[in-house]
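Read the structure below first, then the notes.
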Amino acid sequence: MEQEQFFAQLAKILDVPKDKITRDYVFAFDEWDSLVLMSIAAAIDEIYDVVVSIKEVPKCGTTGELLNLIEAKKIEDE
């Protein structure tokens with residue numbers, strides 16, 4: 001459920017069709033500004049209740065890597 005909600009939110013933020021967002025979706029950081037990074041971090045906080053820095057987001061090349069980061073942060077918070 002969380003993942004579906006997050007993928008839908010990412011699609012809105014990145015202005016791409018929802019069906020394009022999968023674990024293998026490759027991020028195009030060179031096309032993003034700081035507002036996109038802040039929006040992604042805010043979506044993560046809202047959906048997963050995990051704080052991810054906007055400096056950490058660009059270190060993830062795909063949606064799957066971002067989900068792995070979220071999972072690692074959840075474990076750290078326990």
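The values are calculated or read from the model by the stated rules, or taken from the named source; none is laboratory data. In this text the structure is predicted, and so the values were computed from the model without any measurement. Quick reminder, even Gly has a Cβ in these numbers, built from the backbone with ideal geometry, and neighbours come from all protein chains shown. We work out accessible area using only protein heavy atoms, side chains counted, and drop any ligands, DNA or RNA first. Shrake-Rupley method; radii C 1.70, N 1.55, O 1.52, S 1.80 Å.
A compact table of results
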quantity: Radius of gyration, Dmax [the chain; alpha carbons; angstrom]; calculated: 11.4, 35
quantity: Region 1-43 - Debye-derived log10 I(q)/I(0), Cα point model, q = 0.18, 0.22, 0.31, 0.35 Å⁻¹; calculated: -0.48, -0.72, -1.28, -1.37
quantity: Distant-in-sequence amide H partners of residue 62 (H built 1.01 Å from N, under 5 Å); calculated: 27
quantity: Mean accessible surface per residue for region 4-78, computed with a 1.4 Å probe while every protein chain stays in place, in Å²; calculated: 62
quantity: Heavy-atom accessible surface of the chain: percent carbon and sulfur, 1.4 Å; calculated: 50
quantity: Calculated [θ] (222 nm, deg cm²/dmol) that DSSP helices of n ≥ 4 give over the chain, each run adding -39,500 (n - 2.57); calculated: -18000 deg cm²/dmol
quantity: Computed magnitude of the charge dipole of region 8-66 (debye, nearest 20; Cβ of K, R +1, Cβ of D, E -1); calculated: 100
quantity: Chain lengthening between residue 4 and residue 42 when straightened (0.36 nm per residue, less Cα-Cα); calculated: 12.1 nm
